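Novice: The structure that follows is given in the form of structure tokens.
The values are calculated or read from the model by the stated rules, or taken from the named source; none is laboratory data. Given the structure is predicted, the values throughout are model-derived calculations rather than measurements. No Cβ is skipped: glycine too gets one built from the backbone with ideal geometry, and neighbour counts run over all protein chains shown.
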Amino acid sequence: MKSGVPGFIKERFWLKKEWPKDLPTDAYIPEKPLNEVIDEACMKYADRTALDFYGFRITYSQLKGITDRFATLLVKLGVEKGDVVAIYAPNCPQFVVAYYGAMKAGATVTALSPLFAPREVEYQLNDSGAKILVTVEQLYPNFNAVRKNTKIEKVILANITGGEAKGEGEFIDFRTVFGITPEVPKVEWDFKDDVAVLQYTGGTTGLPKAAMLTHQNVVANAFQLKPYTDIILRWIFSHKVIREEGDYLVLDLNGREYKTMKDYYENKRGSRIAVLPWYHIYGQSVDLNAGLVNGELLFIFPRFEPEKIFETIETYRVTTFMGAPAIFIAYVNNFPELFRKYDISSLIYVNNGAGPIPPEIVYKWDELTNQKVLLCEGYGLSEASPVTHTHGLPPQLRKRKVGSIGPPIPNTYAAAIDPQTLEFLPVGQEGELVISGPQVMKGYWNRPRETDEVFFYADGMKWLRTGDIAKMDEDGYFYIVDRLKDIIKYKGHSVYPREIEDVIYEHPAVKEVCVIGLPDLAAGGETIKAYVVLKPEYKGKVTESEIIDFCKERLATYKYPRIVEFREELPKSAAGKYLRRLLREEELKKLGLKK
């Protein structure tokens, strides 16, 4: 039977433990839509550079001007408040313009992964009800392949390098925006209820569904993270200047020479590598929204370029690098020589999110940076916009616990519950992680049943069930132990078994299929394995590679199974449900991870 919220959770006991004295327990959250918050930053930091895309730069003032024009274009195309504008593009300046410009027009944004195959594009466009699509030349053919099956009314096509857009079919060149006189509409916002972003994520059905993130949700998360950056920058620039070196200054950072840009020192601002994909709320929140709210300089990368990123960090003395396990594992295992070739000691805060990272990778990263750039962890999920926990500060300013996701962020309540009874559990006991705070989503788009399943109320507080098993220690640091969900984490991406199974079932030779995630001991995270039962007439006539190739043609590159095993039968419950657990246990035994 469900219990009330314990006093130690209501009081957020972690605030009395390792909580930094300058970090607010509750951050200030303006009651304004995200686009207005960004506009205010653009006016406050007008002359600063906001975006750098391989040397092409846009100031905050220019960003406001072009988003105003983009909003005007959308209104002229018939966009009204509540309409959905889809963005199908990699990280690039056009994404930023479309993202905030759409909100200025009153629209809700949904972003699609650049890795999507045509069928996946079709699904998200139709499920979201998108009216306008903003895309780039490289991805346009994928949309055109399913265009007739969608309700997209207009397409705005961009050449990612800024030139003339070229492609088949009817579209509007993105550059049209530059010739428009801005007439930004006055939108009446309901800050707490109006949806800013439809963020697609996994679910009990296995098919992606959208978390409705309101303007309150996304603004809250940006401002919950802002104090961490403020503290870091105050700390860095409180140190004495030792000498000048051209465009750089060298500071005495507690006995260590720290080289930074004059621009950063004079404006008391930082910069960050923006390589996390913006189609996901993690990249949107921690790089785009949090970065721009702080007046930072964002170095945009549309894909992971290991050497170029380190070169940029060295040249421009970048201060923040938010990443995912696949990024840090790649640096440590595949590119260790880059740590010797480039000086990345300007990085003050490096954070892993989007999935757990093996402790040995953290220690190897620390070693390769000579203990000068230590890697910390945080946690979030799409349904919480996404950040709920983080170390947030470098180890010089807050105790780091390797393997922990840190304490909850300001304004946030977190606890572990018994997933069956919903009873709140004591410190140290494992249970399902639940979250309450202003960043928690409104619900799932057109999924009332699944919305009801993921929320519960206790003592008047609305709690989000994460599906992850966690525990907290005596300092209020949380640890993710395992997952309740069947979602597979492949290189930072969430992969849904049923979606893969649905594709494999389209193969004429397949009778039954079950997909699971297995530990990838070499790369970290998980790999994808499909168990297939063939129809009798096809046995011995279809190979594993044929099934994999079949999936490659129909799924994004991170979704197709890496391993296929043919079986005579699959384990099922009395009700006929596939028992993934038994398959997983069998594989863990083979790997020596389970007795």
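Novice: If a residue has to be within 16 Å of PHE304 (Cα to Cα) and either among the β-branched types (Val, Ile, Thr) or in a helix (DSSP H, G or I) (or both) to count, how many in the stretch 278-293 make the cut?
Specialist: Counting residues in the stretch 278-293 that are within 16 Å of PHE304 (Cα to Cα) and either among the β-branched types (Val, Ile, Thr) or in a helix (DSSP H, G or I) (or both) gives 3.
Novice: Can you tell me how many residues within the stretch 383-416 are β-branched (Val, Ile, Thr) and either within 19 Å of TRP235 (Cα to Cα) or surrounded by fewer than 21 Cβ atoms within 10 Å (Cβ to Cβ) (or both)?
Specialist: We begin by selecting, within the stretch 383-416, every residue β-branched (Val, Ile, Thr); these are 387-388, 390, 402, 405, 409, 412.
Add one more test, that the residue is either within 19 Å of TRP235 (Cα to Cα) or surrounded by fewer than 21 Cβ atoms within 10 Å (Cβ to Cβ) (or both), and what stays is 390, 402.
Looking only at that region, the number is 2.
Novice: When the residues of the stretch 438-458 are filtered to those that are part of a loop (DSSP other than H, G, I, E, B) and within 19 Å of the chain's Cα centre (by Cα), which remaining residue is surrounded by the most Cβ atoms within 10 Å (Cβ to Cβ)? Before the answer, list the steps.
Specialist: Taking the stretch 438-458 first, the residues part of a loop (DSSP other than H, G, I, E, B) are 438-442, 445-447.
Still in the list and also within 19 Å of the chain's Cα centre (by Cα): 438-442, 445.
Values: PRO438: 21, GLN439: 31, VAL440: 27, MET441: 27, LYS442: 17, TRP445: 22.
Looking at the filtered set, the residue picked out is GLN439.
Novice: Looking at the stretch 175-185, which of the residues that are in contact with a helix residue (DSSP H, G or I) (Cβ under 6 Å, 6 or more places away or on another chain) and either part of a helix (DSSP H, G or I) or charged (D, E, K, R) (or both) is nearest to PRO302 (Cα to Cα)? Working first, answer last.
Specialist: Our first condition is that a residue be in contact with a helix residue (DSSP H, G or I) (Cβ under 6 Å, 6 or more places away or on another chain); within the stretch 175-185, this holds for 177, 180, 182-185.
Remaining after also requiring either part of a helix (DSSP H, G or I) or charged (D, E, K, R) (or both): 177, 183.
Numbers: VAL177: 22, GLU183: 31 Å.
Among them, the one singled out is VAL177.
Novice: Hey, another quick one. Quick one: in the stretch 251-277, which of the residues that are in a loop (DSSP other than H, G, I, E, B) and more than 19 Å from the chain's Cα centre (by Cα) is modelled with the lowest pLDDT? Show your work before the answer.
Specialist: Initially, the stretch 251-277 is screened for residues in a loop (DSSP other than H, G, I, E, B), giving 254-255, 268-270, 275-277.
With more than 19 Å from the chain's Cα centre (by Cα) added as a condition, the list becomes 254-255, 268-270.
Numbers: ASN254: 87, GLY255: 90, LYS268: 94, ARG269: 95, GLY270: 97.
That would be ASN254.
Novice: Are any of the residues in the stretch 423-431 farther than 30 Å from ASP343 by Cβ, assigned to a strand (DSSP E or B) and at pLDDT below 95?
Specialist: Kept after step one, since they are farther than 30 Å from ASP343 by Cβ, are these residues of the stretch 423-431: 423-431.
Checking which are assigned to a strand (DSSP E or B) leaves us with 424, 431.
Right, trim to at pLDDT below 95 and you get 431.
The answer is yes, given that some residue of the stretch 423-431 is farther than 30 Å from ASP343 by Cβ, assigned to a strand (DSSP E or B) and at pLDDT below 95.
Novice: Testing TYR479 on (1) surrounded by fewer than 18 Cβ atoms within 10 Å (Cβ to Cβ); (2) at pLDDT 90 or above, one condition comes back false. Which one is that?
Specialist: (1)
Novice: Out of the stretch 23-35, which residues are touching a Pro at 6+ places or on another chain (Cβ under 8 Å) and of a type outside the set (Val, Ile, Thr)?
Specialist: Applying the first criterion (touching a Pro at 6+ places or on another chain (Cβ under 8 Å)) to the stretch 23-35 yields 23-27, 29.
Answer for the stretch 23-35, where residues must be touching a Pro at 6+ places or on another chain (Cβ under 8 Å) and of a type outside the set (Val, Ile, Thr): LEU23, PRO24, ASP26, ALA27.
Novice: Can PRO408 be described as within 24 Å of the chain's Cα centre (by Cα), under 17 Å from ASN217 (Cα atoms) and touching a residue at least 24 places away in the same chain (Cβ under 8 Å)?
Specialist: Answer is yes for this residue.
Novice: Here's another thing I want to ask about it. Among the helices (runs of 4 or more DSSP H) confined wholly to the stretch 44-150, which include 1 or more residues that are more than 25 Å from LYS166 (Cβ to Cβ)? Before you say what the answer is, go through the steps one by one.
Specialist: Working: elements: 60-76, 93-104, 118-128, 140-144.
Once the helices (runs of 4 or more DSSP H) in the stretch 44-150 are filtered for at least 1 residues that are more than 25 Å from LYS166 (Cβ to Cβ), what remains is 60-76, 93-104, 118-128.
Novice: Next up: Got at least one residue in the stretch 199-218 being out of contact with any strand residue (DSSP E or B) (no Cβ under 9 Å at 6 or more places or on another chain), part of a loop (DSSP other than H, G, I, E, B), more than 25 Å from THR320 (Cβ to Cβ) and assigned by TED's automatic domain parsing to the domain that holds TYR99?
Specialist: No; the residues of the stretch 199-218 include none that is out of contact with any strand residue (DSSP E or B) (no Cβ under 9 Å at 6 or more places or on another chain), part of a loop (DSSP other than H, G, I, E, B), more than 25 Å from THR320 (Cβ to Cβ) and assigned by TED's automatic domain parsing to the domain that holds TYR99.
Novice: Which of the residues that make up the stretch 151-169 are in a loop (DSSP other than H, G, I, E, B) and more than 20 Å from PHE53 (Cα to Cα)?
Specialist: LYS151, ILE152, GLU153, LYS166, GLY167, GLU168, GLY169
Novice: Among the residues of the stretch 255-263, is any β-branched (Val, Ile, Thr) and free of Cβ contacts under 8 Å to residues at least 60 places away in the same chain?
Specialist: The initial filter retains those residues of the stretch 255-263 that are β-branched (Val, Ile, Thr), namely 260.
Now drop any that are not free of Cβ contacts under 8 Å to residues at least 60 places away in the same chain, which leaves none.
No: zero hits.
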